[in-house]
Amino acid sequence: VELSCIIKSTVTPDPRIEWKKIRDGETSYVFFGNKMQGDFATRAEILSRTSLVIKNTTRMDTATYRCEVAAPSDTKTIDEINIQLTVQ
């Protein structure tokens with residue numbers, strides 16, 4: 001599964017990008033500090049700086065995934081997008 005976080009334009013040379021998983025009211029990090037966290041470390045990767053690829057998805061991956069972008073040099077310093085993933 002590939003989830004994309006589109007960054008239209010930014011003047012910040014290297015914006016901080018974080019991915020979080022929200023399931024049943026619990027939030028956990030997927031990608032933080034430029035590395036995968038938890039069980040995602042062995043089965044997920046970041047492509048092109050903004051796309052999260054999760055391999056071997058299961059029903060436990062069903063959740064809302066939030067991509068947060070922090071760009072301190074931009075007019076809009078932080079933005080986020082929520083993507084609902086449902087694994088059948």
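The values are calculated or read from the model by the stated rules, or taken from the named source; none is laboratory data. Here the structure is a predicted model, which is why all the values come from computation and not from measurement. All Cβ positions, glycine included, derive from the backbone under ideal geometry; neighbour counts span all protein chains shown. Areas reflect the complete protein model, heavy atoms only, side chains present, ligands, DNA and RNA absent. Shrake-Rupley method; radii C 1.70, N 1.55, O 1.52, S 1.80 Å.
Counting only heavy atoms of the protein chains and using a 1.4 Å probe, VAL69 has close to 20 Å² of accessible surface.
Compared with the direct C-alpha span, the chain from VAL11 to ARG43 gains 8.3 nm at full extension, assuming 0.36 nm per residue. Is the shape of the stretch 2-43 rounded, prolate or oblate, going by the alpha carbon gyration tensor and its root eigenvalues a ≥ b ≥ c, with a/c under 1.5 for rounded and a/b larger than b/c for prolate? Prolate, since a/c reaches 1.5 and a/b exceeds b/c. Looking at the chain, the pairs of alpha carbons with a distance over 23 Å make up 20% of the total. Short-range pairs are left out: with C-alpha atoms under 8 Å and at least six residues apart, the relative contact order of the stretch 1-41 is 24 percent. Label separation (THR75 vs ARG23): 3.9 nm, computed from points 7 Å beyond Cα along the C-beta direction. Measuring nothing but how far apart in sequence close Cα pairs (under 8 Å, 6+ apart) lie, relative to its length, the chain scores a relative contact order of 33 percent. About the centre of its Cα atoms, the chain shows a dipole size close to 120 debye [charges on the beta carbon of Lys, Arg (+1) and Asp, Glu (-1) only; nearest 20 debye]. Taking LYS21, LYS8, LYS35 and ordering them by how much accessible surface each has at a 1.4 Å probe, largest first, produces LYS8, LYS35, LYS21.
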